[in-house]
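Below: one structure, written as structure tokens.
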Amino acid sequence: MALFCVLLVVLQSFSLVCGLTYSYKHVSSLRFDRIQTHLDSINKPPLLTIQSPDGDTIDCVHKRKQPALDHPLLKNHKIQRAPTGWPKMKKNERRAGSGAEGPFQTWHGNATRCPKGTIPVRRSTVKDVLRAKSLFDFGKKKRPILLDRQMDAPDVVSGNGHEHAIAYTRSLGEMYGAKATINVWEPSIQMVNEFSLSQIWILSGSFDGSDLNSIEAGWQVSPELYGDSRPRLFTYWTSDAYQATGCYNLLCAGFVQTNSRIAIGAAISPVSSLTGNQYDITILIWKDPKLGNWWMGFGDNTLVGYWPAELFTHLADHATMVEWGGEVVNSRSNGQHTSTQMGSGHFANDGFGKASYFRNLEIVDSDNNLSDVQEISTLAENTNCYNIMSSYNDQWGTHFYYGGPGRNSECQ
């Protein structure tokens, strides 16, 4: 009976995804078996299952059974419980905004928590896989087309329908991490296969080859990946320029999670509202000064987990570039620019309460110290669609507003 119910889900013709109509193709039994085998490999047997109010299923998986440890490079990996040292932070760092409490994850709404010694994992479904182009592409960013590009271009996936509004920094010294506080919104998405995200990139390697290493974290709205329009906390990594390695969240082996209260890929709530309360999240990524793993911190000194040094080539040493900002996919449906929004959907010059922002941009140096970013460059491929404006003040440090509505009278 259970198998029969699953097949009914797989073979249905249409489904609504965050208000968009999505067509599920009929699936052969062979492909279904392959999908189910893959899901069995990433959906580990839970010690406890929690049903989130938003429809997600959160599995509490023993930390030593998590997907990360299936990676061949991590066969004998011993989970690091905590970093050997946090970056030294500025004293009396202030939080600016409307005074509202910070966001939390929607699945916390039923007051159930994962037991100690487990990690929360958002369960993937057959439908999730079917929305992807293929099983290979499930959980991965589209691979870039890196033709006729400037050698120093910071936009890591331009030429593939991706558009950005980002700030970036290059330094003469080596970089070992970055931090920022990111405004959270719920941008509208035009097409199921498009997304809108706001994130930090930690990068090393060449942009014109196949060896680019990238560590990424932030929030995103992706109907194709999640089946809805909610903003969700996400991570990503690749060691070969998005070709074969890496994935979002825990959808492949790699990222080692240590936190039992944060589910990567789960929805963030509440979100900012136009001229109303503004909600933001703080993300810190840094390289452990002794063991070399890249740790992720969330909010006020909460450890999420880490990307093991073994996953990388260039980032096994240090980063050569850091980026902060927004990215969307423009599929040009019907030959027109997408109306998918970036950030809040408002241009940068609309300012606080309307435009989305990144504030308190910081870099981790070779001595494991956090320092304000003194100089940044900005990039937006088409400022009639999405733009960015940077500034500095004592409270927000180096910061910028960014975003836009996509298609409009000046953006076709």
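The values are calculated or read from the model by the stated rules, or taken from the named source; none is laboratory data. The structure displayed is predicted, hence computed values, not measured ones. Here Cβ is always computed from backbone atoms with ideal geometry, including for glycine, and neighbour counts include all displayed protein chains. Only protein heavy atoms, including side chains, enter the accessible area calculation; ligands, DNA and RNA are left aside. Shrake-Rupley method; radii C 1.70, N 1.55, O 1.52, S 1.80 Å.
Remarks
- Qualifying positions in the stretch 317-358 - among the hydroxyl-bearing types (Ser, Thr, Tyr) and in contact with a Pro (Cβ under 8 Å, 6 or more places away or on another chain): Ser339, Thr340, Ser344
- Counting only residues that are open to solvent by 10 Å² or more (accessible area, probe 1.4 Å) and in contact with a Cys (Cβ under 6 Å, 6 or more places away or on another chain), the stretch 208-238 holds 2 of them.
- Any hit, the stretch 366-378, residues being touching a helix residue (DSSP H, G or I) at 6+ places or on another chain (Cβ under 7 Å) and either open to solvent by 30 Å² or more (accessible area, probe 1.4 Å) or on the phi > 0 side of the Ramachandran plot (or both): no
- Residue tally, condition part of a loop (DSSP other than H, G, I, E, B), among the charged types (D, E, K, R) and open to solvent by 10 Å² or more (accessible area, probe 1.4 Å), over the stretch 285-298: 1
- Within the stretch 1-52, the set of residues being at pLDDT 95 or above, closer than 27 Å to Phe104 by Cα and either among the β-branched types (Val, Ile, Thr) or open to solvent by 70 Å² or more (accessible area, probe 1.4 Å) (or both) comprises Ile42, Pro45, Leu47, Thr49, Ile50, Gln51.
- Pair list, Cβ under 6 Å, 6 or more apart: the stretch 264-278 residue in a strand (DSSP E or B), other residue surrounded by fewer than 19 Cβ atoms within 10 Å (Cβ to Cβ): Ala267/Asp54
- Scanning the stretch 379-397 for residues that are more than 20 Å from the chain's Cα centre (by Cα) and open to solvent by less than 10 Å² (accessible area, probe 1.4 Å) yields Cys385, Gly397.
- Some residue of the stretch 193-207 being touching a helix residue (DSSP H, G or I) at 6+ places or on another chain (Cβ under 7 Å), open to solvent by 10 Å² or more (accessible area, probe 1.4 Å) and modelled with pLDDT under 95: yes
- Subset of the stretch 130-189 that is out of contact with any strand residue (DSSP E or B) (no Cβ under 8 Å at 6 or more places or on another chain), at pLDDT 90 or above and buried (at least 19 other Cβ atoms within 10 Å of the Cβ) - its residue that is nearest to Trp295 (Cα to Cα): Phe138
- Identity of the residue in the stretch 61-90, among the small types (Gly, Ala, Ser) and not in a helix (DSSP H, G or I), that ends up most open to solvent (accessible area, probe 1.4 Å): Ala82
- Any hit, the stretch 333-350, residues being at pLDDT 95 or above and more than 17 Å from Gly403 (Cα to Cα): yes
- Wholly enclosed strands (runs of 3 or more DSSP E) of the stretch 338-412 bearing at least 1 residues among the aromatic types (Phe, Trp, Tyr) and touching a residue at least 24 places away in the same chain (Cβ under 8 Å): 356-364, 397-403
- Once the stretch 299-331 is narrowed to residues that are among the aromatic types (Phe, Trp, Tyr) and part of a strand (DSSP E or B), the residue that is nearest to Arg81 (Cα to Cα) is Tyr306.
- Which listed residue is more than 22 Å from Ala180 (Cβ to Cβ) and open to solvent by 50 Å² or more (accessible area, probe 1.4 Å), from Asn301, Asn330, Asn349, Asn334: Asn334
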